[in-house]
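For reference, the structure is listed below as structure tokens.
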Amino acid sequence: MAERSWSFSKAFRNIFSGPALITEDTWDELETALITADFGPDVSEAILDNLRAEVERHRVTEVKEMRSMLRDAVEERLAAYDPTLRLSERPAVILVVGVNGVGKTTTIGKFANYLKTFDKKIIVGAADTFRAAAVEQLATWADRAGVDIVKPQQQGQDPAAVAFQTVQRAIEGSYDIAIIDTAGRLQTKGGLMDELGKVRRVIEKQAPVAEVLLVLDATTGQNGLAQAEAFIEHAGVTGLVLTKLDGSAKGGFVLAVQEKTGLPIKLVGQGEGIGDLTGFTPHVFAQQLVG
Ligand code: GDP
């Protein structure tokens with residue numbers, strides 16, 4: 001992957017470019033960096049306590065060595081969750097859920113494009129039928145990615161009907177993967193969860209749901225997670241997509257979110273372009289995070 005300037009690694013870079021030997025100040029700065037990067041108080045404390053114990057046990061005195069221990073510790077925690085996407089069913093039906101504005105539609109466009117590089121035959125379904133703009137936006141992305149789309153016949157059509165048609169076409173046309181966009185209107189939370197339940201039920205009449213991916217905006221960090229809790233409770237989420245990591249100073253959210261939800265991060269969005277989506281690799285991410 002190309003070198004990027006990760007705003008969230010700055011906090012760590014400052015510590016590690018400072019004095020060569022570990023002092024009490026180093027620990028204070030590290031605590032501040034972890035909190036600033038949105039690791040959250042629990043994860044920050046656990047990392048600090050473990051690191052301090054390791055540093056003492058191995059009589060480590062150099063900041064440089066501490067840094068590589070921190071990197072390893074972050075990687076180990078990140079790798080405790082399996083980021084593998086379940087795509088072996090044919091069609092593999094993927095529901096994409098999340099609050100409006102987090103980057104769902106953009107993610108679907110990027111994801112379809114990414115999967116096409118593996119020679120997969122893809123169809124997307126515009127089941128966010130309430131917002132005409134959402135349907136048009138998805139159509140634009142489908143066009144860009146060169147994949148087929150099922151759109152509602154009229155605005156406000158039952159989202160479950162669109163989901164049903166998408167899966168039907170996927171089966172009839174021997175598609176590998178069907179990715180379905182859903183609504184994210186939070187003000188009607190109860191209704192929205194019922195709607196998602198119905199979407200799921202009609203899909204399952206034809207094919208199992210392989211993945212329910214919850215999209216989260218990394219720039220909103222822990223607050224965004226609170227907003228998304230209803231999806232985690234009710235939508236049968238199997239994995240997370242973190243978007244907008246390119247503009248975020250909150251890279252630690254990556255670790256906090258996995259540990260808080262118990263769900264793996266499966267994809268990471270790093271920009272608005274069609275190529276700005278990657279799988280999640282703990283090793284690479286730990287390096288980008290800690291430097
Ligand atoms: P939706 O309402 O959840 O479908 O959100 P959209 O897909 O419409 O995205 C909302 C905004 O976030 C758009 O302006 C996108 O270009 C932007 N966006 C989505 N993903 C990313 C990302 O990974 N990085 C950045 N910088 N912007 C993103």
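The values are calculated or read from the model by the stated rules, or taken from the named source; none is laboratory data. Since this is a predicted model, take the numbers as computed values, not measurements. Cβ atoms come from the backbone with ideal geometry, glycine included; neighbour counts cover every protein chain shown.
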**OP:** Look at Val215 and say whether it is crowded, with 23+ Cβ neighbours inside 10 Å and either at pLDDT 90 or above or part of a strand (DSSP E or B) (or both).
**Re:** yes
Of the listed residues (Asp128, Asp143), the one being out of contact with any Gly (no Cβ under 8 Å at 6 or more places or on another chain) and either acidic (Asp, Glu) or in a loop (DSSP other than H, G, I, E, B) (or both) is Asp143
The condition of being buried (at least 18 other Cβ atoms within 10 Å of the Cβ), part of a loop (DSSP other than H, G, I, E, B) and either touching a Ser or Thr at 6+ places or on another chain (Cβ under 8 Å) or modelled with pLDDT of 95 or more (or both) holds, among Leu95, Leu85, only for Leu85
Of (1) farther than 30 Å from Glu54 by Cα; (2) away from the ligand (no atom under 16 Å from the Cβ); (3) touching a strand residue (DSSP E or B) at 6+ places or on another chain (Cβ under 9 Å), Leu138 fails just (2)
Across the range 148-162, the tally of residues that are of a type in the set (A, V, I, L, M) and more than 16 Å from the ligand (Cβ to nearest atom) stands at 3
Going through the range 205-222 in order, the residues found to be charged (D, E, K, R) and in contact with a helix residue (DSSP H, G or I) (Cβ under 9 Å, 6 or more places away or on another chain) are Lys205, Asp217
When (1) in a helix (DSSP H, G or I); (2) among the polar types (S, T, N, Q); (3) within 16 Å of the ligand (Cβ to nearest atom) are applied to Ser68, the one that fails is (3)
The correct count of residues that are away from the ligand (no atom under 16 Å from the Cβ) and surrounded by 24 or more Cβ atoms within 10 Å (Cβ to Cβ) in the range 98-122 is 1
Taking first residues from the range 169-194 that are closer than 21 Å to Gly236 by Cβ and exposed (fewer than 12 other Cβ atoms within 10 Å of the Cβ) and second residues anywhere that are at pLDDT below 95 and not acidic (Asp, Glu), the pairs with Cβ under 9 Å that are 6 or more apart or on different chains are Gly190/Ala230; Gly191/Arg185
